[in-house]
Protein chains: 6
Amino acid sequence: MFKEPFTLKLSGHLFDNDNILPSYVNLIRELWSNGYRMAVVTGGGSLARRYIELGRRMNTNEAMLDLLGILVSRLNAQLLAAALSDIAYVTIPTNLDEVFRAWSTGRLVITGGFQPGQSTATVALLVSEFLGIKRLIDCANVDAVYTSDPRIDPSAKRLGKVSITELMGMLKSKTIAGTYDLLDPWALGIAQRSGVTIFVVGCSKPEALRRLVIDGISEGTIITP
Amino acid sequence: MFKEPFTLKLSGHLFDNDNILPSYVNLIRELWSNGYRMAVVTGGGSLARRYIELGRRMNTNEAMLDLLGILVSRLNAQLLAAALSDIAYVTIPTNLDEVFRAWSTGRLVITGGFQPGQSTATVALLVSEFLGIKRLIDCANVDAVYTSDPRIDPSAKRLGKVSITELMGMLKSKTIAGTYDLLDPWALGIAQRSGVTIFVVGCSKPEALRRLVIDGISEGTIITP
Amino acid sequence: MFKEPFTLKLSGHLFDNDNILPSYVNLIRELWSNGYRMAVVTGGGSLARRYIELGRRMNTNEAMLDLLGILVSRLNAQLLAAALSDIAYVTIPTNLDEVFRAWSTGRLVITGGFQPGQSTATVALLVSEFLGIKRLIDCANVDAVYTSDPRIDPSAKRLGKVSITELMGMLKSKTIAGTYDLLDPWALGIAQRSGVTIFVVGCSKPEALRRLVIDGISEGTIITP
Amino acid sequence: MFKEPFTLKLSGHLFDNDNILPSYVNLIRELWSNGYRMAVVTGGGSLARRYIELGRRMNTNEAMLDLLGILVSRLNAQLLAAALSDIAYVTIPTNLDEVFRAWSTGRLVITGGFQPGQSTATVALLVSEFLGIKRLIDCANVDAVYTSDPRIDPSAKRLGKVSITELMGMLKSKTIAGTYDLLDPWALGIAQRSGVTIFVVGCSKPEALRRLVIDGISEGTIITP
Amino acid sequence: MFKEPFTLKLSGHLFDNDNILPSYVNLIRELWSNGYRMAVVTGGGSLARRYIELGRRMNTNEAMLDLLGILVSRLNAQLLAAALSDIAYVTIPTNLDEVFRAWSTGRLVITGGFQPGQSTATVALLVSEFLGIKRLIDCANVDAVYTSDPRIDPSAKRLGKVSITELMGMLKSKTIAGTYDLLDPWALGIAQRSGVTIFVVGCSKPEALRRLVIDGISEGTIITP
Amino acid sequence: MFKEPFTLKLSGHLFDNDNILPSYVNLIRELWSNGYRMAVVTGGGSLARRYIELGRRMNTNEAMLDLLGILVSRLNAQLLAAALSDIAYVTIPTNLDEVFRAWSTGRLVITGGFQPGQSTATVALLVSEFLGIKRLIDCANVDAVYTSDPRIDPSAKRLGKVSITELMGMLKSKTIAGTYDLLDPWALGIAQRSGVTIFVVGCSKPEALRRLVIDGISEGTIITP
């Protein structure tokens, strides 16, 4: 199922946890050496939030705050590329043109955020679209998509499969949009227009990713275009 | 009112009409020589649509189609910069970093689109936010914001003033989002978070722009954060 | 004959005609998949002329006018690359260094103009020279080289083969140089010094290109160094 | 004394402490608005060490580890530039050429590390030399230069003034070079050849910096070329 | 006469002579401090020829040989910029965009060659045209334009003034074009279309340049558009 | 022994001698075609010294003087790349990122200096470290490492093998460091930390290089980490 190239979005939370990151590094190298091809997009995690808070306390404007988060996501991308320097393109791309240049060398491409006002989920979908990739695996801070935030709503229902249209409807009907920032409307819009299927899996267990890529078994949510 | 620097978004339609463009060129030069400072963002217009159609007929992916539209908007920016080469930064910026570099020279900065999946309205708001600009004038293909599309709905009501929150509510309640593409939710979200007021005026009469900038009289719609 | 890499110059007129462009796209893909390797240079066509006229009406200097033409030729290059994104380098090079970088990836390289004061024919010869390519096919707005412009001089003679030296003599003896801008002295000078043979074929029938590349049959003019 | 432009090196430790950074931001803005001109170089601090350790645990090579430290120092530079975006060049330079471009705009230039195998102290001296700056203030993790590390050697003597030659002699005679990494031989060599005086002050009290710049009173060590 | 910005082309021969170069450096600084503004273009001289010969002996293609000459002209530009680093833009531009960026800072801009197949005389005219400069002073290896090469033809007549059209006629009528490479047809064509007047003076005596700029007295040839 | 990729540092003296350079060009092509892979770093030689002297005479600062030397080393790198354009990456990298991009294409990478305050020996070690290369061959102006400078000290002893630690001790104990500038402490420090073995051979006889690479026989000095 993932023999075609896919995009892998890694939650920034992975980089807050010193013990789990090496497992992902090993898993990515193992997949790569077994012929799986992927472009990786990393998030910023709690370190991004720390720098944004620091900046906000000093009255920094929103664009600059976003920029700080982007730099942290690129730092995480560089850490991953450094640990995988035998197979990765070690110069982190900062826009779609550079992603293409890196991709055309045949090496593992790893990127962070691109520009203010844009989530790394959106980056992952832009990269997918630009490279003609039809499957995105989102290793997220939650293990699946729920009808509402399971951390605050005990009646939240876990979804095994949901269409982008249904998901967008759910996002709209909520009083405060984006209470948990898995996927934003802009990211979903790109998935929709380009027919990208999104596989959400929890990032706390690398095994979920391995099972999805190798065995094609989803333990999270499949979001269909 | 516009003695502080402002952002000027010019609809791509201006570039479809060989007669109106020179008036805008003269008006911008006149404003500049009277001490008004601005960053200009140009749209792609019907030429962008032509190239996108051509590309679509040859099965081009959506990201590449957007790229064609971006290139046309940059071509329009270059035409404007060429005609204003006595005051403009003639190298068209392609991202926020380059906008900042151009802006720090004190010359008139003109830019087109930035990246796929993003409207030039969003670019105009990102530029405003990044440079700390609090007012955006949107010379649009319509002369104001209406409660629905006035070209198809005779009961459409013209709005003199509307808040971003109200406008977003109206966009959401419509069955098909974005039937007329003046401003998208992403652009409005940036205006909201950074407190940018948007002045919509029709692009068919340069006088409306002059009156707004010099006399502070809005003939279109004021969208308040 | 064209099993060695060659350069393909496509007249900007191809991009004025929505129907013929897809045939060229298909032909280039077919040639590529049969092992033919080429670098493509696109012209600006009537759209370039329109923007140059617009600029001239607003008193733009000559360098800026050339720049507008160059941007249109790059827009055409991007359209072609978009339609061929499965095999092409989709980031359009803007100078010889970038052409080399793109070429070294093994993908189809497509470029437009480079700098003011320089025709795209010259670009095609600079690219050939830089990459060590010895054959340039010029899909031109005319179907061959004539002793004078066949559109205005009924006694114009069609040339099957002509040397660069002879052609330069003909260009010099004409009262007004460059009445039809197929090839300029600078372009011919580069062909001469680097031993590049130029094959002129008409761009209105893709079949002429196919026959030349696959069967080695010239229906236009061969210009020998 | 500091009416001529100077270079300001800020220890990475400043960025570990959320409370002291805003004082430095205010002090720099105050100095700037009083006509003092400076180029700032930021270190990486404990965050740099954390990423380097993470990388090392995953068998990353030394050059890549250095790169991680450099990225953190640039993140710190970006945070500072964001907080000072009214006066700073907000695009962080990554080499001497870019430092010059930023400097030539007249804005406050802030930079982090440049390349592997090089301390940010060395960067600060390269920047000084390139811009023709003769004074470097080093806001360091220690409050002065000592004859040995005061944290482990109680007999360490505090130096009010020392020549580069003397300091180099002291560094050489130590069994393990660089036990505390204030200044390395390469940095000192550049100071020597270009006649840059280095003023070491402790970074824990912004007042020490203010007194040095405004009153010319050194509370730390003056290293003379 | 030269109170408007002008372009100054310096023959590469200046850099072969260690004694005359400092005089030019001093003269340029003196002119600059007296308010004269200029963009400087440097040639490659005998060092360029040495590297080209070395390359040719190793069967290097013509484009690469030109590139070697360009690099030498940039090395000369860097030497000049280094000696004038108090007033010059020390990062040498390599194309028109970069020339514009440097020029917009208000510093003295110095550049060498741009691309293969193009003389530095052509670069000087492209720079003039792009920046809207109407006067080019060509400090050449000859002290004026002659009807033929004075070094081989004793009947060569010195021209005090000549039009571009007349000069082009003379270049064409010669059996072997360009026997002495002061100005090529491409360079002259740009001067013609953009109305640039060229002042040829000999580079062996800086006094000739001083008299021309300050007193407006030409001791060489004025080439009028 | 050299079947793994290695780094080849070529002394700038090679470029002073028109006769020996072609032998190296042929040897490198021969090695390449036999499957040996390498990254080449070129020095500046006597031409670098000439430009530095010229600059110094005009009161240029040290950073700019270094820059002149770097440009000459890049000119030499370009000459080599031009002569080897069938196998080389002809765009000369100017920092580690660009080295990586060039290296990832699989072509022969040739580079000169990177930045002021840094020897080309250090560049060669940074390149080795960044690319994970463990062997550096230094074709130097001397045929081996001696206990002191053999040109001035007749009792100088030739070393067949020496450890980096021993060599650093020898450099430190000398009154004036670096009397002959084969390798500086910074370069050796990088070799040490990354475990790079350095093979010093004289550059006057290409045979020494061939024997080392093909037969594994060192005629100079092996410096072990």
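The figures follow:
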| read-out | value |
| --- | --- |
| Index of the failed condition, B:Met38 passing every other in (1) surrounded by fewer than 24 Cβ atoms within 10 Å (Cβ to Cβ); (2) touching a residue at least 40 places away in the same chain (Cβ under 8 Å); (3) farther than 22 Å from B:Ala208 by Cβ | (3) |
| Candidate set from the range D:161-187 (those that are among the polar types (S, T, N, Q) and at pLDDT below 75); member that is surrounded by the fewest Cβ atoms within 10 Å (Cβ to Cβ) | D:Thr175 |
| Matching residues in the range B:37-60 - criterion: being in contact with a Pro (Cβ under 8 Å, 6 or more places away or on another chain) and farther than 19 Å from B:Ile92 by Cβ | B:Arg57, B:Met58 |
| Residue among C:Leu79, C:Leu27, C:Leu31 that alone is touching a residue at least 40 places away in the same chain (Cβ under 8 Å) and either crowded, with 22+ Cβ neighbours inside 10 Å or small (Gly, Ala, Ser) (or both) | C:Leu79 |
| Neighbours by Cβ (under 6 Å, 6+ apart or cross-chain): first from the range C:83-97, part of a loop (DSSP other than H, G, I, E, B); second at pLDDT below 95 | none |
| Any hit, the range B:185-198, residues being under 17 Å from the mean Cα position of the chain (by Cα), in a strand (DSSP E or B) and within 30 Å of D:Val90 (Cα to Cα) | yes |
| Enumeration of residues in the range D:36-69 that are β-branched (Val, Ile, Thr) and under 18 Å from the mean Cα position of the chain (by Cα) | D:Val40, D:Val41, D:Thr42 |
| Number of the condition not met by D:Gly132 [criteria: (1) farther than 30 Å from A:Glu62 by Cβ; (2) more than 9 Å from every other protein chain (Cβ to nearest Cβ); (3) more than 13 Å from the chain's Cα centre (by Cα)] | (2) |
| Candidates E:Gly45, E:Gly106, E:Gly55, filtered to the one that is of a type in the set (Gly, Ala, Ser), within 12 Å of another protein chain (Cβ to nearest Cβ) and surrounded by fewer than 23 Cβ atoms within 10 Å (Cβ to Cβ) | E:Gly106 |
| Options F:Tyr146, F:Tyr89; residue that is of a type in the set (Phe, Trp, Tyr), within 14 Å of chain E (Cβ to nearest Cβ) and buried (at least 17 other Cβ atoms within 10 Å of the Cβ) | F:Tyr89 |
| Qualifying residue in the range F:63-75 (condition: farther than 21 Å from D:Asn95 by Cα, assigned to a helix (DSSP H, G or I) and touching a Pro at 6+ places or on another chain (Cβ under 9 Å)) | no |
| Residues that are in contact (Cβ under 8 Å) with a residue 60 or more places away in the chain and within 18 Å of E:Leu80 (Cα to Cα), drawn from the range E:98-120 | E:Val99, E:Trp103, E:Leu108, E:Val109, E:Ile110, E:Thr111, E:Gly112, E:Gly113, E:Thr120 |
| The range F:2-20, subset touching a residue at least 40 places away in the same chain (Cβ under 8 Å) and assigned to a helix (DSSP H, G or I), residue nearest to the chain's Cα centre (by Cα) | F:Gly12 |
| Single residue of the range E:23-41 satisfying the filter (in a helix (DSSP H, G or I) and among the β-branched types (Val, Ile, Thr)) that is nearest to F:Thr60 (Cα to Cα) | E:Val25 |
| Within the range B:58-69, considering residues that are within 8 Å of chain C (Cβ to nearest Cβ) and of a type in the set (A, V, I, L, M), the one surrounded by the fewest Cβ atoms within 10 Å (Cβ to Cβ) | B:Met58 |
| Residue that is farthest from F:Gly44 (Cα to Cα) [pool: residues in the range E:9-23 that are surrounded by fewer than 21 Cβ atoms within 10 Å (Cβ to Cβ) and more than 8 Å from every other protein chain (Cβ to nearest Cβ)] | E:Ser23 |
| Output for the range D:109-129, where each listed residue is assigned to a loop (DSSP other than H, G, I, E, B) and more than 11 Å from every other protein chain (Cβ to nearest Cβ) | D:Gly113 |
| F:Val72 of a type in the set (A, V, I, L, M), away from chain E (no Cβ under 14 Å) and buried (at least 22 other Cβ atoms within 10 Å of the Cβ) | no |
| Test: residue in the range A:42-58 that is part of a loop (DSSP other than H, G, I, E, B), in contact with a His (Cβ under 8 Å, 6 or more places away or on another chain) and of a type outside the set (A, V, I, L, M) | yes |
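The values are calculated or read from the model by the stated rules, or taken from the named source; none is laboratory data. This structure is a prediction, so every number in the text was calculated from the model and none was measured. Neighbour counts run over all protein chains shown; Cβ positions are idealised from the backbone, glycine included.
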